[in-house]
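For reference, the structure discussed in these notes is given below.
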Amino acid sequence: MSDKKPANFIEEIIEADLENGLNPDHLRFRFPPEPNGFLHIGHASAICLNFGLGEKYNKPVNLRFDDTNPAKEESKFVEAIQKDIEWLGYKWDNLCYASDYFQQLYDWAIQLIKEGKAYVDSQSSEQIAEQKGTPTQPGTNSPYRNRSIDDNLKLFESMKNGEFGESEHVLRAKIDMSSSNMLMRDPIMYRVVNKPHHRTGNDWKIYPMYDWTHGESDYLEQITHSFCTLEFLPHRELYNWFLDQIVDKDKIRPKQREFARRNVSHTVTSKRKLQKLVDDGIVSGWDDPRMTTISGMRRRGYPAQAIRNFADSIGIAKRDNLVDMNHLEYFVRDYLNKEADRVMAVLDPVKLVITNYPEGKEEILQAENSQEDASRGYREVPFSKVLYIEREDYREEANKKFFRLKNGKEVRLKNAYIIKGEGCVKDENGVITEIHATYDPESKSGSGTEASMRRVKGTLHWVSAAHAVPVEVRLYDRLFNVAQPDADKDVDFMQFVNKESLKTITAFGEPALKDLEVGKTVQFQRMGYFSVDRDSTSENRIFNRTVTLRDTWAKIDQ
């Protein structure tokens, strides 16, 4: 039993079971994804729950792929899911597949047929749906419900051998067509699928349904607690009925319990809708940095620990809830503020000429890698007469609240000198093409001179023009411009796609940007956090904006 006080109702369930005699040595959990797409932020919460329980109780957690639908499942999804879980920092005990149990599930189905608890139905799917009734009206029995055991066995074997088409027959459990729970009205256990399976090839022509597979797989793996999202609450009765048919009283009987989804604003998590975004070219793929898939967030530069911290903060509840994207971004910023190195890059560059700086002179300045952690040391940054600064950091004239560069006023160049605005050059359209300033040679940062101690209100980042590295910067923003794009089933969620969710620019960075490895996330000082994209080459460095330094959406949402 854990020494820690239970933090949520899931842990309370476990603790109650332990107090009521469950042997702590028998505790075992599982995470059971279907390999038909990439995992998203909702799955991340479920991963953190199940593997977090394994860590809390120091007990094993299985990774089990629910691979019972070869029409939608692929090996690439299996590999992507494993990578996501490992990246989040979790380790599974056994790597399992529902397909590992196909023979046992088939044998148990034969057992149910022999006991008169399952039958082959030859109705169409439309007929089966119609005779199931409604939530307020009982269903009616299939005309095939009382087929003989011998006929059911022969038909089921013929289904297995591939002698029928996909819609000719199904195997149904014989339960109760008048049950108030429509899932108990003779649910389908097997259907014919004439497609090769990613693991078993063409060995099987019939595949078990989720409800028949899930509880039995939990039982075979001796899982003690099977945690599902809230939509599976009505399935619990069927989960237990199927277990009633096959459990050995001397073995662990799994317990299904449900928790609420934690949906995140300004996104969708339906795999069907995510697939549509990919198919329609709204995004570049499942790992597009605008997608809240785990692979998309990883590519965007989100740290794994930030996602774990986020999942821990929202906790586990019994009621569905919408979590603001700001909450997730807070944990990304909080982590990166402590862990990300600082570099300088100018996103909207304009030339700054220091008119009194010696022609042809260059010097190497020292810049700290982190204001948060001095142990991370310093890097060398070249300085020269001509620099780039942000266009918005200069105004010819401005009020007292503008603390950046303006004519006649001083600012500090980060890690360098104090400069004073002197004027600018404009083109025929009045656009500023060059800013002129003078510098105080005695004001070099860290020099210890009296001038270097002089306080000015503004500090600007900059890049030496002669040493600037051109980089492609992808300014990602939220994929949807409303908090709940799929809240109304009668409105197409695609109409809420944010057309400004990606803007690509060319920026100039300090030389250190050339040496950053793919996946490295850094802070562009004063501009936000950016991560080196996998599309980068040695000649063309590409950065994804991970998150801005501050929440820019709060006012928009209001």
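The values are calculated or read from the model by the stated rules, or taken from the named source; none is laboratory data. The model shown is predicted, which means the values in this text are computed figures rather than measured ones. Cβ placement follows ideal geometry from the backbone for every residue including glycine, while neighbour counts extend to all protein chains displayed. For accessibility, only protein heavy atoms count, side chains too; no ligands or nucleic acids. Shrake-Rupley method; radii C 1.70, N 1.55, O 1.52, S 1.80 Å.
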### Query
Scanning the range 371-390 for residues that are out of contact with any Ser or Thr (no Cβ under 9 Å at 6 or more places or on another chain) and in a strand (DSSP E or B), which turns out nearest to S464 (Cα to Cα)?
I389
### Query
In the range 203-247, which residues are farther than 20 Å from N50 by Cα and at pLDDT below 95?
none
### Task
Search the range 71-90 for residues that are more than 20 Å from A311 (Cα to Cα) and pair each with any residue that is of a type outside the set (F, W, Y) and in a helix (DSSP H, G or I) when their beta-carbon atoms are under 8 Å apart and the residues are at least 6 apart or on different chains.
A80/S295
#### Entry: Among the candidates D107, D121, residue that is acidic (D, E), in contact with a Lys or Arg (Cβ under 6 Å, 6 or more places away or on another chain) and within 21 Å of V192 (Cβ to Cβ)
D121
### Task
State all residues of the range 340-398 that are over 28 Å from C424 (Cβ atoms), out of contact with any strand residue (DSSP E or B) (no Cβ under 7 Å at 6 or more places or on another chain) and of a type in the set (D, E); if no residue qualifies, say none.
E372, D373
## Note on the structure
Among (1) open to solvent by less than 20 Å² (accessible area, probe 1.4 Å); (2) assigned to a helix (DSSP H, G or I), N62 falls short only on (2)
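In the range 5-55, how many residues are of a type outside the set (D, E), in a helix (DSSP H, G or I) and under 28 Å from M325 (Cβ atoms)? If you could, list the steps in order and put the result at the bottom.
Filtering the range 5-55 down to residues of a type outside the set (D, E) leaves 5-10, 13-14, 16, 18, 20-24, 26-33, 35-54.
From the residues that got through so far, the ones that are in a helix (DSSP H, G or I) too are 9-10, 13-14, 16, 18, 24, 26, 41-54.
Keeping just the survivors that are under 28 Å from M325 (Cβ atoms) gives 9-10, 41-53.
Final tally of qualifying residues: 15.
For the range 177-212: of the residues being closer than 22 Å to E231 by Cβ and among the acidic types (D, E), which is farthest from the chain's Cα centre (by Cα)?
Our first condition is that a residue be closer than 22 Å to E231 by Cβ; within the range 177-212, this holds for 179-189, 191, 207-212.
Filter once more, so that each one left must be among the acidic types (D, E): 186, 211.
On the way: D186: 37, D211: 26 Å.
Going through the qualifying residues, I end up with D186.
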### Query
Given the conditions (1) more than 25 Å from V264 (Cβ to Cβ); (2) of a type in the set (A, V, I, L, M); (3) open to solvent by 10 Å² or more (accessible area, probe 1.4 Å), which single one is not true for L27?
(3)
#### Entry: In the range 70-101, residue modelled with the highest pLDDT [restricted to those that are open to solvent by 30 Å² or more (accessible area, probe 1.4 Å), within 30 Å of S158 (Cα to Cα) and of a type outside the set (S, T, Y)]
D100
### Query
Across the range 102-155, what is the number of residues that are open to solvent by less than 40 Å² (accessible area, probe 1.4 Å), over 27 Å from D67 (Cβ atoms) and touching a strand residue (DSSP E or B) at 6+ places or on another chain (Cβ under 7 Å)?
2
### Residue count for the range 145-189, restricted to those that are touching a His at 6+ places or on another chain (Cβ under 9 Å) and aromatic (F, W, Y)
1
### Query
All but one of (1) touching an Asp or Glu at 6+ places or on another chain (Cβ under 9 Å); (2) aliphatic (A, V, I, L, M); (3) more than 22 Å from F227 (Cβ to Cβ) hold for A109; which doesn't?
(1)
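Considering each of L328, L352 in turn, give the residue that is outside any loop (DSSP other than H, G, I, E, B) and either open to solvent by 50 Å² or more (accessible area, probe 1.4 Å) or touching a helix residue (DSSP H, G or I) at 6+ places or on another chain (Cβ under 7 Å) (or both).
Working: L352 fails: either open to solvent by 50 Å² or more (accessible area, probe 1.4 Å) or touching a helix residue (DSSP H, G or I) at 6+ places or on another chain (Cβ under 7 Å) (or both).
Exactly one residue qualifies, and that residue is L328.
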### Segments classed as strands (runs of 3 or more DSSP E), wholly inside the range 156-256, with at least 1 members that are without any contact (Cβ under 8 Å) to a residue 40 or more places away in the chain and either of a type in the set (A, V, I, L, M, F, W, C) or open to solvent by 50 Å² or more (accessible area, probe 1.4 Å) (or both)
188-192, 225-229
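Looking only at the range 90-105, count how many residues are in a helix (DSSP H, G or I) and out of contact with any Pro (no Cβ under 8 Å at 6 or more places or on another chain). Steps first, please.
Within the range 90-105, the first condition is being in a helix (DSSP H, G or I), and the residues that meet it are 98-105.
With the extra rule that they be out of contact with any Pro (no Cβ under 8 Å at 6 or more places or on another chain), the set shrinks to 99-101, 103-104.
Counting residues in the range 90-105 that are in a helix (DSSP H, G or I) and out of contact with any Pro (no Cβ under 8 Å at 6 or more places or on another chain) gives 5.
Going by what's in this entry, would G301 be described as small (G, A, S) and buried (at least 17 other Cβ atoms within 10 Å of the Cβ)? Full working, then the answer.
Values: small (G, A, S): yes; buried (at least 17 other Cβ atoms within 10 Å of the Cβ): yes.
In short, yes.
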### Subset of the range 257-282 (residues that are open to solvent by 30 Å² or more (accessible area, probe 1.4 Å) and either small (G, A, S) or assigned to a strand (DSSP E or B) (or both))
R257, R262, N263, S270, G281
